[in-house]
Amino acid sequence: MAAPPTIDPFRYRAVLGRYPTGVTVVTAIDEQSAADGTVTRQPIGTTVNSFTSISLDPPLVLIAVGGERTIHPVIAAGGRFAVNILDEESTDLSDCFAGAPSRLPRTAFCNAAYAEGAGGLPILDAALAYVICDLERVIEAGDHTLYLGRIVDLGARESDAWPLLYFRGRYLHIEHAETAELLGKPDAT
């Protein structure tokens with residue numbers, strides 16, 4: 001068997017960056033028990049654009065989280081996570097949770113406003129929609145970890161906001177869709 005070709009990482013990003021993705025923040029709760037028996041619960045999150053629906057029956061989604069992200073042991077210990085689909089006004093939140101330069105303060109949870117969803121998982125106020133998942137399977141894949149989650153709760157906010165998109169290394173806004181007729185199947189009600 002021949003050795004696989006070497007792929008230049010810059011070319012890889014340039015080529016695959018031409019595929020637009022949605023932007024999400026994956027959240028979990030870091031629960032720590034102290035020697036005195038007290039338990040602290042801290043929200044944790046990271047920006048993820050590798051998110052996809054996998055199956056309707058059972059309801060499964062997949063996220064890919066970079067190996068350097070500190071959320072890994074928290075998802076493993078808690079066995080669940082939430083995926084918050086950001087709206088296009090949430091670029092600062094996306095940048096902050098990604099560790100990129102941001103106008104938001106570098107606090108543990110980027111000063112993000114949130115409510116607790118099922119299992120106490122953080123659901124961001126800026127989320128256009130969310131899914132809460134129990135961890136089904138973990139797959140190590142190169143420099144990322146794939147988490148397959150079974151949806152246990154989901155919701156969407158009533159809003160005319162558009163999702164935050166990422167394309168060719170920058171955020172993309174859906175301007176044409178705001179003024180043009182949308183083609184294809186209508187939304188299910």
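Summary table
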item	result
Kirkwood Rh and Cα Rg combined as Rg over Rh, evaluated for the range 23-172	0.95
Cα gyration tensor category, rounded, prolate or oblate, for the range 19-68 with a/c compared to 1.5	prolate
Long-range amide H partners of residue 172 with built H, under 5 Å	165, 166, 167
Cα centre as origin, Lys/Arg/Asp/Glu Cβ charges: the range 23-172 dipole, Debye	300
Proxy reagent accessibility, fewest Cβ within 10 Å first, across 95, 160	160, 95
Positive-end residue of 15, 128, 71, charge dipole of the chain with Cβ unit charges	15
Residue exposure sequence - 72, 173 - by fewest surrounding Cβ within 10 Å	173, 72
Whole-number percent relative contact order across the chain, with pairs defined as alpha carbons under 8 Å at least 6 apart	24
Cleavage-rule hits, GluC sites (Glu not before Pro), the range 64-125, DSSP coil, Cβ neighbours within 10 Å at most 13	68, 89
Packing-based exposure ordering (other Cβ within 10 Å, fewest first) of 33, 94	33, 94
Amide proton proximity set for residue 48, modelled H, under 5 Å, gap of 5+	24, 25, 26
Cβ-based charge dipole, the chain, positive-most Cα from 27, 169, 105	169
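Bear in mind that the values in this text are calculations on the coordinates, not laboratory data. Here the structure is a predicted model, which means the values were calculated and not measured. Using ideal geometry, Cβ is built from the backbone for each residue, glycine included, and neighbour counts are taken over all protein chains shown.
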